[in-house]
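A.B. asks: Following this message is one structure expressed as structure tokens.
The values are calculated or read from the model by the stated rules, or taken from the named source; none is laboratory data. All values derive from a computational prediction rather than experimental measurement. Neighbour counts run over all protein chains shown; Cβ positions are idealised from the backbone, glycine included. Side chains are part of the model used for accessible areas, which takes the heavy atoms of the whole protein and leaves out ligands, DNA and RNA. Shrake-Rupley method; radii C 1.70, N 1.55, O 1.52, S 1.80 Å.
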Amino acid sequence: MQPTIDLNSDLGESFGAWRIGDDEAMFALVSSANVACGFHAGDPVTMLSSARLAARHDVALGAHPGYRDLAGFGRRALDTSPAELAAELLAQLGALDGVARAVGVQVRYVKAHGALYHRLGADERAAHAFAEAVAAFEPTLPLLGSPSSALERAADAAGLRFAREAFADRGYVADGSLVPRGEPGAIVDDPAAAADRALELAETGGITADDGSRVELAPDSLCLHGDTPGAVAIARAVRAALEGAGIAIEAFA
């Protein structure tokens, strides 16, 4: 039986006059797309374009909700209450799903963005509020997130499927968290290095941390950021390396 792995990317992040990433190229290279829902990035026009690209390339469309923080691109930690997080999630999820259905597709999974993603990895109350809101919206939607996290536990409690994610273009520290942005080794922007890391993750289930230790992740999906410099070249190298090793690229949802 041929081994498989999902390849996802954060896409649909342009808004207004701001153009971020090359969605046309990236949608052709991944199997799942985490599409911004208008709070940290994205807008209705971009969401509609993303849904059409997902339909054209047979890519699984995922909702990528974040903090209400366009100025900070959703990467600033905000003290938003769990109840407000749940309400804002539902607004974002409903917006993308509504746009998608107009072009014959629908949201197939949910992955939080940026600072919210990291908060849901550790904050049990926020994670449960998030998972319960998704379950109330559509109980068959999987959550994509960090292995062994508060969100994985919350998904299990809410009866949701949870898919484990690992990052081919980010560095890891020994506890399994990501090297903070701005620190050396946080971003892997060399296509060959990212391809090597993707193969290591897909073939062994783990990755070497910045201190040389081993981090076990057992991922169902590998993430590439659409706004990383050279993202298209990285995605091409990663896809070629995986397929060259006999690993099929297939959506998890």
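A.B. asks: What percent antiparallel are the DSSP beta bridges of the chain, to the nearest 5?
C.D. replies: Approximately 20 percent, going by the DSSP bridge assignments.
A.B. asks: Mind pulling the per residue volume of the convex hull built on the Cα atoms of the stretch 46-143? Å³ is fine.
C.D. replies: Hull volume normalised by residue count: 93 Å³.
A.B. asks: Starting from the amide H of residue 11, placed 1.01 Å from N in the peptide plane, find each other amide H under 5 Å away whose residue is 5 or more places distant or on another chain.
C.D. replies: Those lying under 5 Å, H to H, from residue 11 are 34, 35, 36.
A.B. asks: Can you give the helix-only mean residue ellipticity at 222 nm for the chain, where every DSSP H stretch with n ≥ 4 adds -39500 (n - 2.57) and the sum goes over all residues, rounded to the nearest 500 deg cm²/dmol?
C.D. replies: -12000 deg cm²/dmol
A.B. asks: Where nothing but the Cβ of Lys and Arg (+1) and of Asp and Glu (-1) is charged, how large is the charge dipole of the stretch 127-169 around its Cα centre, in debye to the nearest 20?
C.D. replies: Its charge dipole is roughly 100 debye.
A.B. asks: Give the carbon-plus-sulfur fraction of the accessible surface of the chain in %, rounded to a whole number; probe 1.4 Å, heavy atoms of protein chains only.
C.D. replies: Here carbon and sulfur together make up 53 percent of the probe-accessible area.
A.B. asks: Under a Cβ-Cβ cut-off of 9 Å, what is the net charge of the residues other than residue 251 that fall near it, where Lys and Arg count +1 and Asp and Glu count -1?
C.D. replies: -2
A.B. asks: Pick from 154, 71, 51: which residue has the top mean-square fluctuation in a GNM of the chain where Cα pairs under 10 Å get a spring?
C.D. replies: 71
A.B. asks: While we're on this one: Which GluC sites (Glu not before Pro) does the stretch 215-250 hold that lie in a coil by DSSP with at most 15 other beta carbons within 10 Å?
C.D. replies: The qualifying sites are 250.
A.B. asks: What is the Cα centroid distance between the stretch 8-23 and the stretch 128-197, reported in whole angstrom?
C.D. replies: Each part's Cα centre sits 20 Å from the other's.
A.B. asks: Percent of Cα-Cα pairs per 10 Å bin, from 0 to the last occupied bin, for the stretch 135-226, please list those.
C.D. replies: With 10 Å bins starting at 0, P(r) equals 17, 45, 27, 11, 0.
A.B. asks: To check you understand DSSP bridge types, tell me what percent of the beta bridges within the stretch 1-124 (both residues inside) are antiparallel, rounded to 5.
C.D. replies: So the antiparallel bridges in the stretch 1-124 amount to around 10 percent.
A.B. asks: How big is the chain on each of its three principal axes, counting only the C-alpha atoms and giving the largest first in Å?
C.D. replies: Extents along the principal axes, in whole Å: 40, 39, 37.
A.B. asks: Could you let me know the centre-to-centre spacing of the stretch 95-119 and the stretch 203-253, using Cα atoms, in angstrom?
C.D. replies: Cα centroid of the stretch 95-119 versus Cα centroid of the stretch 203-253: 22 Å apart.
A.B. asks: Then there's this: Give, in nm to one decimal, the length gained when the segment between residue 122 and residue 58 is fully stretched (0.36 nm per residue of separation minus the Cα-Cα distance).
C.D. replies: Full extension of this stretch gives 19.7 nm more.
A.B. asks: So, for the stretch 193-241, what is the accessible surface per residue at a probe of 1.4 Å, expressed in square angstrom?
C.D. replies: For the stretch 193-241, the per-residue accessible area is 39 Å².
A.B. asks: Something else: So which helices of the chain fit the span-like rule, where a helix is a whole DSSP H run, its Cα atoms reach 18 Å or more along the axis, and its mean Kyte-Doolittle is at least -1.0?
C.D. replies: Correct list, ordered by number: 44-57, 82-101, 124-137, 191-204, 231-244.
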